1. Do you know which of the residues in the range 12-26 that are in a loop (DSSP other than H, G, I, E, B) and touching a strand residue (DSSP E or B) at 6+ places or on another chain (Cβ under 8 Å) is nearest to residue 58 (Cα to Cα)?
2. Would you please list the contacts, defined by Cβ atoms under 7 Å and residues six or more apart or on different chains, that run from a residue in the range 53-72 that is farther than 13 Å from residue 12 by Cβ to a residue that is part of a loop (DSSP other than H, G, I, E, B)?
3. Considering only residues of the range 13-27 that are surrounded by fewer than 22 Cβ atoms within 10 Å (Cβ to Cβ) and in contact with a helix residue (DSSP H, G or I) (Cβ under 9 Å, 6 or more places away or on another chain), which is modelled with the lowest pLDDT?
4. Give the residues of the range 132-158 that are assigned to a helix (DSSP H, G or I), within 20 Å of the chain's Cα centre (by Cα) and exposed (fewer than 14 other Cβ atoms within 10 Å of the Cβ), sorted by residue number.
5. Would you check if residue 100 is under 30 Å from residue 4 (Cβ atoms) and in a strand (DSSP E or B)?
6. Going by the structure shown, is residue 130 assigned by TED's automatic domain parsing to the domain that holds residue 106, without any contact (Cβ under 8 Å) to a residue 24 or more places away in the chain and under 17 Å from residue 93 (Cα atoms)?
7. When you scan the range 86-93, do you find a residue that is surrounded by 13 or more Cβ atoms within 10 Å (Cβ to Cβ) and part of a loop (DSSP other than H, G, I, E, B), even just one?
8. From the residues in the range 159-174 that are in a helix (DSSP H, G or I) and free of Cβ contacts under 8 Å to residues at least 12 places away in the same chain, which one is farthest from residue 88 (Cα to Cα)?
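The values are calculated or read from the model by the stated rules, or taken from the named source; none is laboratory data. In this text the structure is predicted, and so the values were computed from the model without any measurement. Methodologically, a virtual Cβ is constructed for each residue, glycine included, from the backbone with ideal geometry; neighbour enumeration extends over all protein chains shown.
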């Protein structure tokens, strides 16, 4: 059965597929973390390709058919350019999004962490972040997911996350 969904989404990841297609990982307001196919977006005439950068905030229309999501329409709400233009903000941005992509369960609505992530992006775009700022968001993320019941240091949070996802996090220097 075919279903149509209209929602807001943040791009967590994109993976090129054969030909002119990509597989996108979205963190959506209404559906949680999902993967969706975007067909034909790598064509030279496609105007949509520039929308599909990590961290972009989008309005999307999805079709769900046979338990798979397909991107139908997209419009950009914000590209958070102040983050992407400031290389000093990249480590916090990429580490947080890498963790989200790895730790969030798929197909499970998570409005708390969705709002937390939007707040993270807005605050990161307005000022510089240090370890304590990033750790503030990691503590909330882990608490909301049920992995913590008290605040931890940045180092403890990184160890907890590595244990949960069963892999070492890449080094992003803050």
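1. Restricting to residues being in a loop (DSSP other than H, G, I, E, B) and touching a strand residue (DSSP E or B) at 6+ places or on another chain (Cβ under 8 Å), the top hit is 21.
2. Partner pairs satisfying both residue conditions: 63/2; 65/2.
3. Across the range 13-27, the extreme among qualifying residues is 22.
4. Matches in the range 132-158: none.
5. When the stated conditions are applied, residue 100 does not pass them.
6. Values: assigned by TED's automatic domain parsing to the domain that holds residue 106: yes; without any contact (Cβ under 8 Å) to a residue 24 or more places away in the chain: no; under 17 Å from residue 93 (Cα atoms): yes.
So residue 130 does not fit the description; no.
7. yes
8. Of everything passing the filter in the range 159-174, 163 is farthest from residue 88 (Cα to Cα).
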